[in-house]
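The values are calculated or read from the model by the stated rules, or taken from the named source; none is laboratory data. Predicted, not measured: the structure shown is a model, and the values here were computed from it. Because the Cβ atoms are built from the backbone with ideal geometry, glycine has one as well, and the counts that use them run over all protein chains shown.
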Amino acid sequence: MRLPGGLLTFDLVGGIEAGVAFVEGLEIAQLATSLGGPETLVTHPASTTHVNLTPEELAANGISPGTVRVSTGLEHADDLVADFAQALERPAG
């Protein structure tokens, strides 16, 4: 990898259920708590790294129940777009 990868954070409508459903629905990107590798990695802080925080503590840290963080890897962009699209189409909870 010659160039740095990108880091993306976005909030899904539907809260924690939508975040969990999205990361569980991905087929290429892998769920991880540390975002630093050659593969595309995702984390849903409200159900992983920050699961013990109250809703108020999450909000104070800029994290909503639907926040998802993505570290893009070496996969082809078209494959990642298709993976994210199919994961977003799956119903939450």
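Residue under question is T49, and the condition is that it be surrounded by fewer than 17 Cβ atoms within 10 Å (Cβ to Cβ), assigned to a strand (DSSP E or B) and within 14 Å of the chain's Cα centre (by Cα); does it hold?
When the stated conditions are applied, T49 does not pass them.
Matching residues to (1) without any contact (Cβ under 8 Å) to a residue 60 or more places away in the chain; (2) more than 13 Å from the chain's Cα centre (by Cα); (3) in a strand (DSSP E or B):
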{"position": "L8", "(1), (2), (3)": "no, no, yes"}
{"position": "A21", "(1), (2), (3)": "no, no, no"}
{"position": "I28", "(1), (2), (3)": "yes, no, no"}
{"position": "P38", "(1), (2), (3)": "yes, yes, no"}
{"position": "I63", "(1), (2), (3)": "yes, no, no"}
{"position": "D79", "(1), (2), (3)": "yes, yes, no"}
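Quick one: in segment 27-41, which of the residues that are in contact with a helix residue (DSSP H, G or I) (Cβ under 8 Å, 6 or more places away or on another chain) and surrounded by fewer than 21 Cβ atoms within 10 Å (Cβ to Cβ) is farthest from F84 (Cα to Cα)?
My answer is L31.
Looking at segment 48-59, I want the residues that are more than 14 Å from G15 (Cα to Cα) and at pLDDT below 90 and have a partner that is assigned to a helix (DSSP H, G or I) and β-branched (V, I, T) with Cβ atoms under 6 Å, at least 6 apart or on another chain. Which pairs are those?
Sorted first by the residue in segment 48-59, then by its partner, the list stays empty.
Only residues that are among the hydrophobic types (A, V, I, L, M, F, W, C) and at pLDDT 90 or above: list them for segment 21-40, please.
Answer for segment 21-40, where residues must be among the hydrophobic types (A, V, I, L, M, F, W, C) and at pLDDT 90 or above: A21, F22, V23, L26, I28.
Only residues that are crowded, with 18+ Cβ neighbours inside 10 Å and more than 20 Å from G6 (Cα to Cα): list them for segment 67-91, please.
Matches in segment 67-91: none.
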